[in-house]
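Bear in mind that the values in this text are calculations on the coordinates, not laboratory data. Computed from a predicted structure; not experimentally measured. Every residue, glycine as well, gets a Cβ built from its backbone with ideal geometry; the counts of neighbours run over all protein chains shown.
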Amino acid sequence: MAEKTILVCDACGKPAAETVTMKTSRGNFVKDLCSTHVNELVAGARKPRPGRRKGTTVAAAAKPVAKAATAAPKKRGRPRKRPAS
């Protein structure tokens with residue numbers, strides 16, 4: 001005998017249209033929702049953008065540019081060997 005799995009909306013009990021995964025600080029959660037509740041959830045939402053938002057780096061703006069331009073660059077790496085005298 002064959003069995004069929006029917007997903008129902010976790011909010012109202014109607015047949016589910018989509019399964020939604022939510023990520024929070026406490027973990028990931030999955031809910032099955034009908035089309036009405038999916039539309040309510042998506043209303044007012046925004047799509048995430050990759051990377052940082054522009055203008056949010058405070059440390060980059062705090063660096064003094066004039067001081068770095070006038071100072072001599074530091075020598076990097078291992079010091080050179082000097083011949084024994």
When ranked by the protection proxy of mean other Cβ atoms within 10 Å per residue, highest first, what sequence do the peptides 76-85, 15-24, 32-41, 2-11 form? 32-41, 15-24, 2-11, 76-85
For the range 12-19, what does the Karplus curve 6.51 cos²θ - 1.76 cosθ + 1.60, with θ = phi - 60°, yield as ³J(HN,Hα) per residue in whole Hz, taken in order and with x for Gly and Pro? 10, x, 6, x, 6, 9, 9, 9
To make sure I understand the rule: partners must be aspartates and glutamates, Cα under 17 Å from the Cα of LYS54, and not fewer than 8 residues away in the same chain. Which ones qualify? none
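Any chance you could run the full-extension gain for ALA45 through ALA71? It's 0.36 nm times the residue separation minus the Cα-Cα distance, nm to one decimal.
Net length gain for the segment: 4.5 nm.
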Under a 5 Å amide H to amide H cut-off, with H placed in plane at 1.01 Å, what residues pair with VAL8 once short-range neighbours are removed? ALA16
Using 0.36 nm per residue of separation minus the Cα-Cα distance, give me the extension gain between ARG82 and ALA2 in nm, one decimal. 20.3 nm
